[in-house]
Amino acid sequence: MGASFLPSPAFLAVFLISFVTLSIHPEPALAITRHYKFDVMLQNVTRLCHTKSIVTVNGKFPGPRIVAREGDRLLIKVVNHVPNNISIHWHGIRQLRSGWADGPAYITQCPIQTGQSYVYNYTIVGQRGTLWWHAHISWLRSTLYGPLIILPKLGTTYPFAKPHKEVPIIFGEWFNADPEAIINQAMQTGGGPNVSDAYTINGFPGPLYNCSAKDTFKMKVKPGKTYLLRMINAALNDELFFTIANHTLTVVDVDAIYVKPFDTETLLIAPGQTTNVLLKTKPHHPNASFFMSARPYVTGQGTFDNSTVAGILEYEESHKTIKSSHSPKKLPLYKPNLPPLNDTSFATNFTSKLRSLASAEFPANVPQKVDRQFFFTVGLGTNPCSKNQTCQGPNGTKFAASVNNVSFVMPTKALLQAHHFGQSKGVYSPNFPINPLIPFNYTGTPPNNTMVSNGTKLVVLSFNTSVELIMQDTSLLGAESHPLHLHGFNFFVVGQGFGNFDPKKDPANFNLVDPVERNTVGVPSGGWVAIRFLADNPGVWFMHCHLEVHTSWGLKMAWVVLDGKLPNQKLLPPPADLPKC
């Protein structure tokens, strides 16, 4: 459910008067407030001949789509009717001064408890494209997710030809078991969690899985048209390759930021990322159907779901064709070739093609000077096994993950409240290490000691600090690609490479002209990535790996951005209905 696109005359009159008197809104006549209601409820769903009760929004799996225009305000009332604590994150929304609506549990809010509700209230500023929403507590996002579509302002067009139709395509993972039980068991035993039973496209596993031929996403298209596919990777633990047999895709937008268009047969999309592509259909009916397939890109040592999800692209028959043939033909179905599972050279080549549009209308405002530099190692490690327990991690330990060897311990109070009310004592410390405490050969032979430290540590930034952050993968327990997501900001990916980052040589090759702007970036397996952003959004902002298992193991941290001096540079006060812990 959602609001209509046209505001009522009475609403507009009130809005115009308030604008003239207060000048509080840049687009008085165009921007509107849209209301949504999310009832979080249990719903029986059957996939792979397996019926189970899952947590959904409004009984839908995947959840309902939110549609708004750039500049609109969203009021989304979330009511919790399930036994689990719930919080919802609006992934990629900048949340300018509205950090209370960001959603990660125990970071910006306490979760919504059973029988309680909370209204997420935020305005979409300077963003257009595809984002998404998902649960941000434990592993509940395995079923609680949906598209968040931001259309350009009224009267504004896309920087490419208007598509005939727009289709959201959201990848997920299906578990026959309860994902909450899977991660709880893994955290107790210290071993790796069981992997999913299938990948899904728009909730459907497709014909390559047992008992799933009827559960197949089918996209019907007309010849000679252009379709905008809004792709979202909502999978818990896997980066995915995606392709459509015998068709070329044109990438035009990632993470709700326009890019210089380029053609590709195959996409790589990490969990948390979104990619908009144009699909030009064939000029005439091809007398065939085509698989649209996705399977994982794998760099780590652990087990993974080595399966392929497929939907079907079907061309609609014209009336003439239908009349001339009496019986419907069984059309051939073309299957695509996907890159090998560990094809890092494809991954590198694909990401290197992503460049900001950097036009007069859509500039790339890359910070040219840097106020503060940070160097973070990201990777796996271990924690000791408790006494009187047998653990299933490496050499009888428990798996852990860390940033600069600090494995993040989730607080029991929300960090944003603790910061805002000056009550951080005992909740977090502001001394997160800005460099590794013990340097080593990060991508070479790993040191014998793989133990991590544990704590709730944050980095504090003054308002408007320009930040350069190098994120370095480590080979501790095996090199691996890590999709890192930063809440509250977009950042520019100014450089990346393999091996250890060289602070003397590598910055000379940084792209400060048209680097891609994102909210989630893959730290290359056995390599590093350099990002820059301007800390112009006061609040507490989570940064974590979007592979859910790594987040559970502690590959996460948070940034505190202090208020600026001016009234419009300060975090707004918390809403009255903010959930309590």
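The values are calculated or read from the model by the stated rules, or taken from the named source; none is laboratory data. Because the structure is a prediction, the values reported are computed rather than measured. Every residue, glycine among them, receives a Cβ derived from its backbone with ideal geometry; neighbour counts consider all protein chains shown. Side chains included, ligands, DNA and RNA excluded: accessible areas come from the protein's heavy atoms. Shrake-Rupley method; radii C 1.70, N 1.55, O 1.52, S 1.80 Å.
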Amide hydrogen neighbours beyond the local backbone of M219, cut-off 5 Å, H modeled: I312, L313, E314
Cysteines without a disulfide-compatible neighbour (Cβ-Cβ under 4.7 Å), the chain: C545
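Using DSSP to call loops (not H, G, I, E or B), can you name the trypsin sites (Lys or Arg not before Pro) in the stretch 517-581 whose Cβ has at most 15 other Cβ atoms within 10 angstrom?
K565, K570, K580
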In Å², nearest 10: area of Y258 left accessible to a 1.4 Å probe: 10 Å²
Backbone HN-Hα couplings from phi across the stretch 568-581 [Karplus 6.51/-1.76/1.60, Hz, Gly and Pro as x]: 7, 10, 10, 4, 5, x, x, x, 5, 9, 4, x, 9, 7
Among 371-382, 219-230, the order from most to least packed when residues are scored by Cβ within 10 Å on average: 371-382, 219-230
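Can you give the direction-averaged projected area of the convex hull of the alpha-carbon atoms in the stretch 302-455, in nm²? Don't skip to the answer; put the middle values down first.
Working: hull surface 83.3 nm².
Its Cα hull, projected and averaged over all orientations, spans 20.8 nm².
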Highest average packing first - 292-303, 157-168, Cβ atoms within 10 Å: 292-303, 157-168
Partner lysines for K505 [C-alpha distance under 18 Å; skip if fewer than 8 residues away on the same chain]: K369
Test item: Cα-centred dipole of the stretch 238-321, Lys/Arg +1 and Asp/Glu -1 on Cβ, debye: 260 debye
Carbon and sulfur %, accessible surface of the chain computed with the full protein complex present, 1.4 Å: 54 percent
Over 32 Å (Cα to Cα) - which of K165/K330; K425/K565; K37/K330 fall in this group: K37/K330
Nonlocal amide H pairs with F262, under 5 Å, H built at 1.01 Å: V251
The stretch 73-149 - accessible surface per residue (Å², probe 1.4 Å): 22 Å²
Total formal charge among the other residues, if their Cβ is under 9 angstrom from that of S525, Lys/Arg +1 and Asp/Glu -1: -2
Mean residue ellipticity (222 nm) of the chain, computed from DSSP H runs ≥ 4 via -39,500 (n - 2.57), nearest 500: -2500 deg cm²/dmol
The stretch 115-233 - share of DSSP beta bridges that are antiparallel (%, nearest 5): 60 percent
Rounded to the nearest 10 Å², the accessible area of H50 at probe 1.4 Å: 70 Å²
Exposure ranking of E239, E317 by accessible area [1.4 Å probe, largest first]: E317, E239
Net charge of neighbours whose Cβ lies under 9 Å from the Cβ of A364, counting Lys and Arg as +1 and Asp and Glu as -1: -1
Backbone HN-Hα couplings from phi across the stretch 550-562 [Karplus 6.51/-1.76/1.60, Hz, Gly and Pro as x]: 5, 4, 4, 7, x, 7, 6, 7, 8, 10, 9, 9, 6
Kirkwood hydrodynamic radius (C-alpha pairs) into Stokes-Einstein, the stretch 249-378, 25 °C and 0.890 mPa s, D in µm²/s: 131 µm²/s
Other-chain or far-sequence residues with amide H under 5 Å of T274's (modelled H): D255
Derived scalar couplings ³J(HN,Hα) [the stretch 484-489; Karplus, 6.51 cos²θ - 1.76 cosθ + 1.60; whole Hz; x for Gly, Pro]: 9, 10, 10, 6, x, 8
Burial order of peptide ranges 105-116, 352-363 (average beta-carbon count within 10 Å, highest first): 105-116, 352-363
Set of lysines with alpha-carbon distance to K162 below 30 Å, sequence-local pairs under 8 removed: K60, K153, K218, K220, K222, K225, K260, K280, K282, K320, K335, K353
Å³ per residue enclosed by the Cα convex hull of the stretch 135-273: 143 Å³
Principal axis dimensions, the chain - Cα atoms, whole angstrom, descending: 77, 66, 54
